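The values are calculated or read from the model by the stated rules, or taken from the named source; none is laboratory data. No experiment lies behind these values; they were computed from the predicted model shown. Here the Cβ positions follow ideal geometry from the backbone for every residue, glycine too, while neighbour counts run over all protein chains shown.
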């Protein structure tokens, strides 16, 4: 079994390529500052197949979702899917990065709803920061006004 991998959003791929794990500890790759995944790494394609089990074929035949003769003959149904990788070299260091969700025909694209939601969250954070700054300024003004009265030497 392959070791567990960390899950992160597709949008962070270019930043996460600078990190790797050794014994479950995150380390930093020594890459040039102008490192570009698309420019500096060669693209590879791997075709894999997802196949149904014998039980799934029988169930689909009973439900009328597949060709009846395939279940009778016990044929498995297999569907290809493409995975994309970038092979990167940096000096004597070599590593692979899966980029299927980042580029190619089936890359992830944010929906309008997600983009609007992100914009609203940014605006809310900016408003919150402004309100906090205003509170801090108000507190400083109060101290300037009354602080000298309480802490005067008289």
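Computed quantities for the displayed model
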| read-out | value |
| --- | --- |
| Candidates 20, 44 - the one that is under 15 Å from residue 95 (Cβ atoms), in a strand (DSSP E or B), at pLDDT 85 or above and assigned by TED's automatic domain parsing to the domain that holds residue 105 | 44 |
| Test result for residue 126, over 15 Å from the mean Cα position of the chain (by Cα), exposed (fewer than 12 other Cβ atoms within 10 Å of the Cβ) and not assigned by TED's automatic domain parsing to the domain that holds residue 17 | yes |
| Qualifying residue in region 76-85 (condition: assigned to a loop (DSSP other than H, G, I, E, B), more than 26 Å from residue 18 (Cα to Cα), at pLDDT below 80 and in contact with a helix residue (DSSP H, G or I) (Cβ under 7 Å, 6 or more places away or on another chain)) | yes |
| Residue check, residue 31 under 18 Å from residue 92 (Cα atoms) and surrounded by 10 or more Cβ atoms within 10 Å (Cβ to Cβ) | yes |
| Those residues of region 92-120 which are more than 21 Å from residue 13 (Cβ to Cβ) and either in a helix (DSSP H, G or I) or at pLDDT below 80 (or both), in sequence order | 112, 113, 116, 119, 120 |
| Tally, over region 6-17, of residues that are farther than 19 Å from residue 93 by Cβ, in contact (Cβ under 8 Å) with a residue 12 or more places away in the chain and in a loop (DSSP other than H, G, I, E, B) | 1 |
| Counted residues, region 16-35 - those being under 18 Å from the mean Cα position of the chain (by Cα) and within 12 Å of residue 97 (Cβ to Cβ) | 5 |
